[in-house]
Amino acid sequence: MKFASSYEPGEYEADIYAAWEASGAFAPNSQGEKRFSIVMPPPNANGNLHIGHGLTIALEDSLTRYYRLRDRKSWFIPGADHAGFETWVVYERALEKEGHTRFEYPREELYARVWNFVEENRGNMELQLRALGASCSWQDLTFTLDENVIRRVYATFEKMWKDGMVYRGEKLVNYCTKHQTAFADIEVEHQDDKGHLWDIAYTYDGGEIIVSTTRPETLFGDAAVAVNPEDSRYKDLIGKTVHLPLTDREIPIIADEHADMEYGTGAVKITPAHDYDDFEVGNRHDLPRITVIGFDGKMLDAAGPDYAGLTTAECRKKVLKDLKEQGLLRGEKQITHSVAHCYKCGTVLEPLLMKQWFINTEKLAKTAVAHLENNEIKFYPENKKNVLINYLKGLKDWNISRQIPWGIAIPMFHCEETDEWIFDTRTDLHEIEVAGKKYLRDEDTFDTWFSSSHWPIVCTDWEEGIPNEFYPLNVMETGADILFAWVARMIMMGLYVTGEVPFREVYLHGLVLDAHGQKMSKSKGNVINPIDMVGKYGSDAFRMGILRGRSAGMNQAFSENSVVSGRNLCNKLWNISRFIQSIVDEETKDDNIIDNIGVKTENMGEDWICRELDRCRSVLEQDFAEYRFADAVETIYSTIWDKYADWFIESQKLYKNTPLLKSTLEMILIMLHPFAPFVTEAIWQNLSWTDGMIINAEWPLRLEYDPISAENFERLTITVSEVRSTMQRLSELNKGKKYGLLYGDDSLVNDNSLLVQYLTRCSSINPTDGTPRGLRIAAPNTELYLDVPEEIINKYRAQLEEHILAVGRELDGLNARMMNPNYVEKAPAGLVKETRDQIKEKEDLISRLKTQLKII
RNA sequence: GGGUUGUUAGCUCAGUUGGCUAGAGCACCUCGUUUACACCGAGGGGGUCGGGGGUUCAAAUCCCUCACAACCCACCA
């Protein structure tokens, strides 16, 4: 016997995965006409998978396995991300621990060191992907720093450079003085912080103007004081100059809408080099940009000898003290305002002027919007399309320079003599010579999203002019949280490079929250590790559990209970298989093999299960087409448990149709396989008659059955349930007592009396002798009595009367509906007929129940 | 400030274009060694679908409004 009494996932999973991998089943090697291509959002190469990856893999792998079963050339392309900044932070921390800093090494050496660091830590996440059952084509794994990725990114960048979409601009960037790099707007985390608002007097001949600021240390960079042009208080001052405190500078008072009359004193200091709004104001009024804070977060010489070299915090203190001494500090109040922080170290980001490479996104965004509005990409959930379009319509230029060595070097070289920039791919060199002139490489690297935006292109090896079978991807599955950062950019880049959208459909999953709907975070200590779940309940259980009760785009709690129910299903299926195998073994032993007879239904239970399995198949097909994973899991779950096991297997204990048992078991295994690949394969391998591996099996075809016969069985199940329920209630009145069944003019029960007796576990079953006695079973279209002695029925009387009243209330409701002429006239005919039928049914039921009372 | 989504059983969630008595898993209660399975079997309890209004023969579902929650974007001198 190959089947133990329960399924232990740990004993099978690793071997099964190894067997799949060795067989080459993950490659897109079907002979089918259609294809299915999907890429994995690359997890961090040197990290561990988190619960979100668990969800991603459950979704993507279920799809892949489904389409593989449907005989499509299915290609699930795995990836690994160099995770530029993420990895950099981890590495820098490691360096710090050893007592070093990045500034001790040249960039080339740092790059090599991080490469080794990643290489050493790599492989962990790949093992974890295997544990989750990802059936991805490992030989096609793409690393974000692979040769072909860099080549493609350079080609795009060159094209953009030639198209005039790349420019070098001095703009304010979000700068982390700890990590010493700039961030894109999208990477900035805003937090509400407590701060102070100080009022400072700027004096002029014969008066003063009070400005409010949260950042007095930037005062040295002030280029003007702005007031609102509508503000009558300051009308006469516009055009005059004021003295900038603690300096010997005079700055103009200008009129600009930016100054809010309602806020503070209505006058605001303008510091173009250290504030985004002020930068814009400065541009409008042609103000100088005076940088007073350095990249190390310390004050520069421009702040004056007393302040240069201080940190911003020290400087703020001193400025306030000095202002106070001079009597220029006029007020201080506490406020809460939102402040930009580094999402890694929490340092307050400093807006600093930097020369950076920018992509002009106007054309890219416009093209993307046009294709989106043309419905070339279908979104799940649907509303994300409009969210994306709105974002693209307001998109600003994209800063693609990052000041960290770990990434793809920007292929631009600068000649100091001529101040000219040229494109060149020889980024392994620090300096190059072209036409007798010396050029130095820009030290910066690309924003990771710039290279990641090529993901569908590089993973499918798309090349210009060469037909590519797998591009555009069938679907892009990723987190809703990176809709802007990634999905938007892939669409823009796909269109720019290939002229086509990079994928036909987008499925976005939400955040996986903890059991109480809280965001998981290390600091809260509520992080659930998917691999722990796999160890505890098995990979299949985790996959089904995380898909259950989850819909596109929504942040939803992770419930371990759902994983438990997944585990239970695996065991249930295991035992169903164990039972069927035992029947097959019996027959083999008796040398009574009837395999070659072929699969035929021989009784109504068999027709019924064929109908239910066929319905299940068609619901699953629909669910996969529309990405309704939770519904699919629930459908296959209830088909296996509530239908196949509870009714079909039970009835087969009387009628053994072995060929049908075998073929229907194969069918449920195959239908469950996309979600629970391991247990279905383990069973497939243990069954005596199956060939090959289930991963390569074929999705079931439409099943034939007799619908009338199937419907009869359905009726029988209702009758049986009613008998059981009645018996249970009686048993509460008369402990543990069993009763016999008597049937009257009822061909269904008559023809299937043994089955009815078996399923109801009643003590006997006989035809009535013409005069019915006992308690009539309330199920419709049946004449069946429980042979219960009168005194017990008397005890049951009150319950029965209550039941009749309840049915009567329902009947009243239905009658009221029919009395409404508008309903009869306007509701669909089918529905009205249904109501009529129901009324008849209720009336019949009441009469049956009343019979029970009369008999007494 | 702008936007998106949500509020359904004790908990986590379904409910696809309005239409049977609103469903599932887990939890709960009662009974149960019956040719697989106690990770089991049978039966059962539990919801005026966030509040209020409207449209309709009919609303958990559509519209308005209020409350609460989450997320995203922008911004707060």
For chain A, take the longest principal axis of its alpha carbons; what is the angle in degrees between that and the long axis of helix A:384-393, to the nearest 10 within 0 to 90? 10 degrees
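Any chance you could run the full-extension gain for A:Asp745 through A:Asp769? It's 0.36 nm times the residue separation minus the Cα-Cα distance, nm to one decimal.
Fully extending the segment from A:Asp745 to A:Asp769 adds 7.5 nm.
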Rounded to the nearest Å, the spacing of the alpha-carbon centers of region A:766-791 and region A:444-487 is 70 Å
For chain A, what does the helix formula give at 222 nm: sum of -39500 (n - 2.57) over DSSP H segments with n ≥ 4, over the residue count, nearest 500 deg cm²/dmol? -13500 deg cm²/dmol
Whether region A:738-787 is rounded, prolate or oblate, judged on the alpha carbon gyration tensor where a/c under 1.5 counts as rounded: rounded
For chain A, longest principal axis from Cα atoms; helix A:707-733 axis from its Cα atoms; angle between them, nearest 10 degrees, is 80 degrees
For A:Met490, A:Met818, order by how many other beta-carbon atoms lie within 10 Å, fewest first: A:Met818, A:Met490
Check the straight Cα-Cα distances from A:Lys34 and name the lysines below 17 Å, setting aside those fewer than 8 residues away within the same chain. A:Lys73
Using a Förster radius of 41 Å, what is the FRET efficiency between A:Glu602 and A:Lys519 based on their Cβ-Cβ separation? Nearest 0.05, please. 0.15
Under a cut-off of 17 Å between alpha-carbon atoms, report the aspartates and glutamates in cross-link reach of A:Lys437, not counting same-chain residues fewer than 8 places apart. A:Glu416, A:Glu417, A:Asp419, A:Glu420, A:Asp424
Write down the Å³ per residue value for the convex hull defined by the alpha carbon atoms of chain A. 254 Å³
Once Lys and Arg are counted +1 and Asp and Glu -1 for all other residues with Cβ under 11 Å from that of A:Gly605, the total becomes -3
Rounded if a/c is under 1.5, else prolate if a/b is larger than b/c, else oblate: which is region A:116-186, with a ≥ b ≥ c the root eigenvalues of its Cα gyration tensor? oblate
Excluding residues on the same chain fewer than 8 positions from A:Lys344, give the aspartates and glutamates whose Cα lies under 13 Å from its Cα. A:Glu86, A:Glu92, A:Glu187, A:Glu189
By count of other Cβ within 10 Å, fewest leading, how are A:Phe678, A:Phe36 ordered? A:Phe36, A:Phe678
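Taking 8 Å as the Cα distance limit and 6 or more residues as the minimum spacing, I'd like the relative contact order of region A:80-180 as a percentage.
37 percent
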Strictly over 23 Å apart at the Cα level, which of A:Lys519/A:Lys572; A:Lys194/A:Lys317; A:Lys572/A:Lys656; A:Lys355/A:Lys385; A:Lys194/A:Lys235; A:Lys194/A:Lys321 would you flag in this model? A:Lys519/A:Lys572; A:Lys355/A:Lys385; A:Lys194/A:Lys235
So how much slack lies between A:Arg724 and A:Arg702, counting 0.36 nm per residue of separation and subtracting their Cα-Cα distance, in nm? 4.5 nm
Rounded tilt (10° steps) of A:312-325 against the dominant C-alpha axis of chain A: 50 degrees
Heads up, region A:564-690 by the C-alpha gyration tensor (a ≥ b ≥ c square roots of eigenvalues; a/c under 1.5 rounded, else a/b over b/c prolate, else oblate) looks prolate
Entries of A:Lys178/A:Lys333; A:Lys738/A:Lys795; A:Lys162/A:Lys393; A:Lys162/A:Lys363 with Cα pairs more than 21 Å apart: A:Lys178/A:Lys333; A:Lys162/A:Lys393
Could you derive backbone 3J(HN,Hα) for region A:191-205 from the dihedral phi with the Karplus parameters 6.51, -1.76 and 1.60 (θ = phi - 60°), listing whole Hz in sequence and x where the residue is Gly or Pro? 10, 7, 10, 7, x, 10, 10, 9, 9, 10, 8, 9, 9, 9, 4
Gain in span if fully extended, A:Glu86 to A:Gln799, counting 0.36 nm per residue against the direct Cα distance: 249.9 nm
Most exposed first by the Cβ proxy, i.e. fewest other Cβ within 10 Å, how do A:Met819, A:Met693, A:Met671 rank? A:Met819, A:Met693, A:Met671
I'd like to compare A:787-795, A:747-755: which one has the highest average count of other Cβ atoms within 10 Å, and what's the full order after that? A:747-755, A:787-795
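Where a number appears in this text, it was derived from the coordinates with a stated rule and is not lab data. Owing to the predicted nature of the structure, the values given are computational and were not obtained by experimental measurement. Every residue, glycine as well, gets a Cβ built from its backbone with ideal geometry; the counts of neighbours run over all protein chains shown.
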